[in-house]
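*Asks:* What follows is a single structure, and I will ask about it in a moment.
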């Protein structure tokens, strides 16, 4: 009788474990993710002065959205080329750059940028909702949004944003 009770308890606990992990897997698969060809997820971000930005406000501009962190070595390697792209398009009224700190301290990141003389815009995603809406899994991740608010490119990992291909991509989107 005792053995039967133990077997039933083991079966019951096994069932609970299977149920728990099945629900977790389903939640993960339903996690939002930015999809190329569809509307870019909305973001609400703040700059250093606390001013709020939304992606919807930037319609009519090509928007470069980059999630990064100062603790991330590939991000640090990518930063000079992000600054290069910013320098290339900074005076074009149809280009906007949103770099977004991901799980990083604002003060630490700003100190890193100051040390390297980088001056591109850095925004904070204090509650992590923007990263969640894009489905960010790590950094760096970059998203290029066209003037209509459609996600045109999704790049996971570092890239050379001063390459002829990257500059041409942005320039062509601006011309559309």
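The values are calculated or read from the model by the stated rules, or taken from the named source; none is laboratory data. Everything quoted here is computed from the prediction, not taken from an experiment. For neighbour counting, all protein chains shown are included, and Cβ atoms are generated from backbone atoms with ideal geometry for every residue, glycine included.
*Asks:* Could you give me the residue pairs with C-beta distances under 7 Å whose first residue belongs to the range 124-141 and is farther than 10 Å from residue 101 by Cβ, whose second residue is at pLDDT 90 or above and part of a helix (DSSP H, G or I) wherever it lies, and which are 6+ apart or on separate chains?
*Replies:* Between residues of the range 124-141 that are farther than 10 Å from residue 101 by Cβ and residues that are at pLDDT 90 or above and part of a helix (DSSP H, G or I), the close pairs are 140/74; 140/75; 140/78.
*Asks:* Considering 131, 159, which residue is in contact with a strand residue (DSSP E or B) (Cβ under 9 Å, 6 or more places away or on another chain), farther than 26 Å from residue 51 by Cβ and surrounded by 14 or more Cβ atoms within 10 Å (Cβ to Cβ)?
*Replies:* None of the other options fit; the residue is 159.
*Asks:* Which of the residues that make up the range 50-89 are within 17 Å of residue 163 (Cα to Cα) and touching a strand residue (DSSP E or B) at 6+ places or on another chain (Cβ under 8 Å)?
*Replies:* 64, 66, 75, 78, 79, 82, 85, 86, 89, listed by residue number.
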